[in-house]
Amino acid sequence: MTEKIKALFLKYREIIMYLIFGVLTTVVSFVSYYALLYLGFHYLAAQIISWVLAVAFAFIVNKLFVFEDKTESARGLFYQIAGFVLVRLGSGVLETGLLWLSVDVADINERIAKIPVAVLTVILNYIASKLFIFKKRHK
C-alpha cells in the first residue's frame, strides 16, 4: 500500500506540491487581505497589498519546491522573476477586476467574493507557471 501511495505521489508530485503551496500562497493572500480589512484598509488597497505579498511568497516556493528550478545565471533568474511578476500582474489585475465586479457591480460581500475569484486565479497561475515561467529547458 505504501509503495502505491509513493508511486502516485511521484507521478503527480508537481501538481500535489503546487496544490500544497498554492494553498499556502492563498493563506498568505487571505490572511493579509482580511487583516488589512480589519485594520480599516479599503478592500481594493487590501487586495493589492495582499497580492504583492502572495506573489513574492509564490515565486520562492514555486521555484524551490514545486518546479525545483535551478537557474544557472543571474540573467536567467532576472528573466524568471520578471516573467513571473508579469504573469502574476496579469492575473492580479484580472483578480482585482473580478473582485471589483463582484463587490461593486454584483453587490456580493467582499469576504465571500474573494473565494471563487481566488480559485480561478490559482488555476490560471499554475498553467502559466508550468508553460512559461518554470518550463523544463533541454540543454
Self-check item: Leading residue by the ranking (farthest from Leu24 (Cα to Cα)) among those in the range 82-106 that are open to solvent by 70 Å² or more (accessible area, probe 1.4 Å) and of a type in the set (Val, Ile, Thr)
Solution: Val105
Quiz item: Of the residues in the range 46-77, how many are among the aliphatic types (A, V, I, L, M) and open to solvent by 40 Å² or more (accessible area, probe 1.4 Å)?
Solution: 9
Exercise. Please tell me if Leu36 is part of a helix (DSSP H, G or I), under 29 Å from Asn109 (Cβ atoms), in contact with a Ser or Thr (Cβ under 7 Å, 6 or more places away or on another chain) and of a type outside the set (Ser, Thr, Tyr).
Key: yes
Quiz item: Within the range 1-45, can you find the residues that are among the aliphatic types (A, V, I, L, M), more than 18 Å from Ile123 (Cα to Cα) and open to solvent by 50 Å² or more (accessible area, probe 1.4 Å)?
Solution: Met1, Ile5, Ala7, Leu8, Leu10, Val31, Leu39
Quiz item: When you look at Phe30, is it part of a helix (DSSP H, G or I), among the aromatic types (Phe, Trp, Tyr), touching a residue at least 12 places away in the same chain (Cβ under 8 Å) and out of contact with any Gly (no Cβ under 8 Å at 6 or more places or on another chain), yes or no?
Solution: yes
Quiz item: Across the range 96-139, what is the number of residues that are in a loop (DSSP other than H, G, I, E, B) and modelled with pLDDT of 90 or more?
Solution: 4
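The values are calculated or read from the model by the stated rules, or taken from the named source; none is laboratory data. Keep in mind that this is a model prediction, so the values were computed, not measured. So basically every Cβ, Gly included, is an ideal-geometry build from the backbone, and we count neighbours across all protein chains shown. Note: accessible area is taken over every heavy atom of the protein model, side chains too, but ligands, DNA and RNA are not part of it. Shrake-Rupley method; radii C 1.70, N 1.55, O 1.52, S 1.80 Å.
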